[in-house]
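To start, the structure under review is shown below, and the notes come after it.
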Amino acid sequence: MNKKLKGTGVAIVTPFFLDGSIDYDSLDNLLGHLLKGKVDFIVALGTTSEAVTLTTEEKSAVMTFVKSRIVGKIPLVMGMGGNNTQAILDQIRNTDFSGIDAILSVAPYYNKPNQRGLYAHFSAIAKASPLPVILYNVPGRTSSNISADTTIKLANDFKNIIAIKEASGDLGQIMQIIRQKPDGFSVLSGDDALTYSMMALGAEGVISVVANALPREFSQMVADCLKGDFKKARTIHYELLPVIDLLFADGNPAGIKAALNSLGICKNYLRLPLVPVKDEIQQALEEILVV
């Protein structure tokens, strides 16, 4: 499975109508856009999806819809994380995993567990999960960092922990993981702006936000990196960098939804407490994306 989950993965948004209900026609547009853009796998119900604002019924409906569009075409990863370990174990026990290839589980947020707590949390998930598990380290959102030592210990102790989405921004930590990881364990970028650098260091792909809007371009850069053509990939990286900066200037997923709105793929609606980007960001995105 870790060989299938290489290259460009996309953490998809959840499109909404103005009243906050889910816009499945726009979700269909997005999935078609990504398949046409030749992405390698899809991540649904990740943090970019605003999953924390979705009900249990909505999450189930989104997964059913996404599966109906992509199963048999590219792999599908389901976001399944939180800060209540027992609730995640209950969710695993009650989930129909047919058509799903792996789960992505973010580090607990707000509680701020220490490294022993993080190890115990992910150990419990690995023992309960019938699918491979991808760890997700994003200290900027969780206020807790999965250390390199903890990542390596989890990778060695649980064969179904197959990868980490690393968004710490700490290249020293990332290099330590890549240098010490066991065979078969993958490091995936969780930071679009650092994907080129991480792949030059040995990462095997990305779970991207920007690729929602620019799947073909981002997939090409990542494919070039995997082929070792870093000169060609570097050119694309620097072409994408201004877009990446704009997309994260006023928060995620507000930026990527603004970009998708400019491209006519989905409307620029979010659920509170998130709000759309500032007008100047929207205008700048339209100028750079719409030719």
(Q) Condition check: buried (at least 22 other Cβ atoms within 10 Å of the Cβ), among the aliphatic types (A, V, I, L, M), within 12 Å of the chain's Cα centre (by Cα) and at pLDDT 95 or above. Does V39 satisfy that? (A) no
The condition of being of a type in the set (V, I, T), more than 15 Å from I256 (Cα to Cα) and assigned to a loop (DSSP other than H, G, I, E, B) holds, among V13, V39, only for V39
When every residue in the range 1-36 that is hydroxyl-bearing (S, T, Y) and surrounded by 23 or more Cβ atoms within 10 Å (Cβ to Cβ) is compared, the one nearest to L131 (Cα to Cα) is T8
Scanning the range 97-111 for residues that are at pLDDT 95 or above and of a type outside the set (G, A, S), the one surrounded by the fewest Cβ atoms within 10 Å (Cβ to Cβ) turns out to be F97
Listed by first then second residue, the pairs whose first member lies in the range 270-291 and is without any contact (Cβ under 8 Å) to a residue 24 or more places away in the chain, whose partner is among the aliphatic types (A, V, I, L, M), with beta carbons under 9 Å and at least 6 positions apart or on separate chains, are V275/A254; P276/A254; P276/A258; P276/L270
Check: Just wondering, is there one or more residues in the range 79-86 that are over 18 Å from V10 (Cβ atoms), loosely packed, with under 14 Cβ neighbours inside 10 Å and at pLDDT 95 or above?
Finding: yes
Out of (1) part of a helix (DSSP H, G or I); (2) in contact with a Gly (Cβ under 7 Å, 6 or more places away or on another chain), the one Y136 does not meet is (1)
For the range 244-291 the number of residues that are outside any helix (DSSP H, G or I), among the aliphatic types (A, V, I, L, M), over 21 Å from H33 (Cα atoms) and over 20 Å from the mean Cα position of the chain (by Cα) is 3
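The values are calculated or read from the model by the stated rules, or taken from the named source; none is laboratory data. Note that the coordinates shown come from a computational prediction; the quantities given were computed from them, not determined experimentally. Heads up, the Cβs are rebuilt from the backbone with ideal geometry, glycines too, and the neighbour counts pull from every protein chain shown.
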